[in-house]
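**Q** Next up is a structure, given as structure tokens.
The values are calculated or read from the model by the stated rules, or taken from the named source; none is laboratory data. Remember, it's a predicted structure, so these values are computed and weren't measured experimentally. Methodologically, a virtual Cβ is constructed for each residue, glycine included, from the backbone with ideal geometry; neighbour enumeration extends over all protein chains shown. SASA here: full protein model, heavy atoms, side chains in, ligands and nucleic acids out. Shrake-Rupley method; radii C 1.70, N 1.55, O 1.52, S 1.80 Å.
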Amino acid sequence: MASTLAVFRLHMKGRGSLVKCLRKVHTFLHRSIGTNVAAHGEELRKDKTVSEEKRGWKPLHAVEAERQEQADRSVLISFQTRTDKQTFLKYLSKHGPVNKYFFYENNGPYAVVEFESRESVASLLKGAAITSINDESVVPFKSRLLSVKGLGSSNSPKQQKGYNYQPLNPIPMNELLQRLSRENSIDQQMILLTDLHQLTDENSRLRYLVCSLVKDVAAAYFPECTIKPFGSSVNGFGKMGCDLDMILDLDGITGRNTMMPRSGLFFEYQMKSASSERAVTQNILSVIAASVEQFGAGCVAVQKILKARCPLVKFTHQPSGFQCDLTANNRMALKSTELLYLYGELDPRVRFLVFSVRCWARSQSITKSVSGTWITNFSLTVMVLFFLQKRNPSIIPTLDHLRDLAGPADKNVIEGNDCTFVSDISKIQLQSNTETLEQLLREFFLFYSTFSFMNESINIRKGKEQNKPEPTPMHIQNPFETSLNVSKNVNAAQLERFVALCQESAWLLEHKGTLKPEHVGGSIPQPWGFANLLVPTRNAQIMSRKKRRQEDHNGIIKVLLDSLKHS
């Protein structure tokens with residue numbers, strides 16, 4: 001065992017500096033919200049206090065406001081495959097200038113169209129007809145989900161191909177392995193993977209539009225409410241095809257942010273009260289769920305899960321194919337989203353490593369799309385952040401350090417939990433760490449293959465291990481609700497499997513070589529480097545061999561013990 005661990009600890013020289021690697025990032029422009037890979041790693045290290053304008057960086061609240069405004073000026077349109085594109089766009093332009101449009105397919109073609117003004121949207125809706133006006137079973141609720149009728153069709157293949165449908169899901173694993181295997185370094189493989197998996201600009205726009213469409217339903221009860229995405233859809237770590245987490249924000253109505261007059265005559269609303277804030281949330285979500293189910297065009301399979309720790313409503317938005325989770329006033333989740341977004345913006349390697357580790361975990365069934373006893377994507381992301389804090393020198397700061405840099409305007413306490421951290425990225429001074437992505441990936445596997453999960457807890461507030469406060473197999477402290485363990489669901493078998501796969505992945509990187517193998521032109525390249533880690537059967541075979549070796553060892557020990565008994 002000691003010799004095996006010694007092998008795990010072998011270090012190989014990095015092939016090419018991070019600077020050389022990140023200079024190629026401009027060919028893989030980050031398409032997710034707020035990501036700006038034009039700011040190379042070299043520039044980030046040379047000038048940590050560069051202005052936001054120069055870097056093109058935007059705080060999350062500015063990105064969200066821009067996206068929400070775009071969504072409110074947009075419509076979602078279903079059309080026939082033979083609808084003439086030019087006629088379609090010409091008709092739309094009659095209602096006002098179009099800022100942006102794109103097409104996608106999900107059980108039929110759809111168009112997302114953003115106008116320059118809301119007046120153009122109103123004009124388009126005013127001219128829309130009610131479907132089957134003589135059918136009394138139709139619910140007369142008007143929305144910005146429309147269908148095209150009566151436009152001319154085209155038999156021209158050229159015109160039909162002009163739609164250029166945008167993808168909604170990641171590419172199949174076989175294609176991904178082939179594309180990664182054509183790259184010349186592990187660094188380039190990890191950059192390409194991120195580019196192929198992260199949310200596109202179009203996908204992000206569609207997510208905000210779906211939230212805006214649901215808001216139109218909720219606004220019948222709460223005209224001043226907002227519904228916006230959070231989590232992976234906006235924090236920069238979202239993968240194509242990920243669920244759409246959305247929040248019904250009622251802070252503008254509840255009076256939480258309202259300044260009361262000090263003196264003089266004033267009026268106040270008469271409102272009902274409930275037994276607790278949780279009861280209020282449950283009642284609101286129950287009503288919204290019923291409204292979405294009855295009136296939300298394209299919203300199906302609505303489920304009310306109101307007794308969960310965080311009450312939510314689940315449903316499927318058929319036109320986009322998104323699996324949606326709607327919560328209300330979950331301010332803690334919004335702060336977690338903002339924190340992950342900030343960490344992802346500090347250094348490009350953060351997102352590259354998170355995407356790579358998440359993809360590896362999914363390919364090996366360490367994570368799954370349904371709830372269970374396995375590690376979640378959020379837990380994996382926190383583990384990557386903790387690992388990067390532990391590098392020498394560290395790549396990202398601890399949460400406590402971000403809190404110390406915060407100004408008065410950053411002060412934020414939610415339900416007694418300190419959620420304060422700096423929002424001005426120019427105040428954050430990063431240390432000079434030049435490790436390559438290849439080095440970081442290998443060291444990540446080595447780090448967690450020997451981590452003392454039995455005794456220690458992962459804590460990104462402090463950036464160091466803490467004594468585990470409860471006897472669970474795995475303990476990862478919630479960044480804000482510090483009494484919570486975000487990995488409490490993970491059982492011993494799943495943790496053991498994760499550690500074993502970390503060991504095997506480190507071994508593969510060390511012993512299978514990190515240089516691109518030669519292959520005949522035109523032939524399918526064999527997986528190598530990072531791509532080699534994504535082949536499920538490869539690690540399954542290794543695990544099987546390891547299990548057989550363990551069984552052989554147990555058999556030998558049993559024979560020796562039996563012989564001692566009879567001697």
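**Q** I'd like the residue in segment 443-471 that is within 23 Å of the chain's Cα centre (by Cα) and assigned to a helix (DSSP H, G or I) and, out of all such residues, is nearest to residue 352 (Cα to Cα).
**A** Selected residue: 444.
**Q** Here's a follow-up. Of the residues in segment 199-240, how many are under 18 Å from residue 318 (Cα atoms), among the aliphatic types (A, V, I, L, M) and in contact with a helix residue (DSSP H, G or I) (Cβ under 8 Å, 6 or more places away or on another chain)?
**A** So the count comes out to 4.
**Q** Hey, does segment 384-392 have a residue that's open to solvent by 20 Å² or more (accessible area, probe 1.4 Å), at pLDDT 95 or above, within 19 Å of residue 235 (Cα to Cα) and in a loop (DSSP other than H, G, I, E, B)?
**A** no
**Q** Kindly indicate which of 356, 371, 365 is over 18 Å from residue 486 (Cα atoms) and open to solvent by 40 Å² or more (accessible area, probe 1.4 Å).
**A** Checking each option against the conditions leaves just 365.
**Q** In addition: Can you tell me which residue among 435, 456 is surrounded by fewer than 22 Cβ atoms within 10 Å (Cβ to Cβ), under 30 Å from residue 508 (Cα atoms) and touching a residue at least 24 places away in the same chain (Cβ under 8 Å)?
**A** After ruling out the rest, the residue left standing is 435.
**Q** Given the conditions (1) at pLDDT 95 or above; (2) in a loop (DSSP other than H, G, I, E, B); (3) not acidic (Asp, Glu), report the number of the one that residue 128 does not fulfil.
**A** The failed condition is (1).
**Q** Could you tell me which residue of segment 472-487 is most open to solvent (accessible area, probe 1.4 Å), considering only residues that are part of a loop (DSSP other than H, G, I, E, B) and in contact (Cβ under 8 Å) with a residue 24 or more places away in the chain?
**A** 482
**Q** Follow-up question, since we're still on this one. Give the residues of segment 394-426 that are assigned to a loop (DSSP other than H, G, I, E, B) and charged (D, E, K, R), sorted by residue number.
**A** Correct list: 411, 415, 424.
**Q** With segment 159-249 as the region, which helices (runs of 4 or more DSSP H) entirely inside it contain at least 3 residues that are of a type outside the set (A, V, I, L, M) and open to solvent by less than 10 Å² (accessible area, probe 1.4 Å)?
**A** Once the helices (runs of 4 or more DSSP H) in segment 159-249 are filtered for at least 3 residues that are of a type outside the set (A, V, I, L, M) and open to solvent by less than 10 Å² (accessible area, probe 1.4 Å), what remains is 186-197, 201-218.
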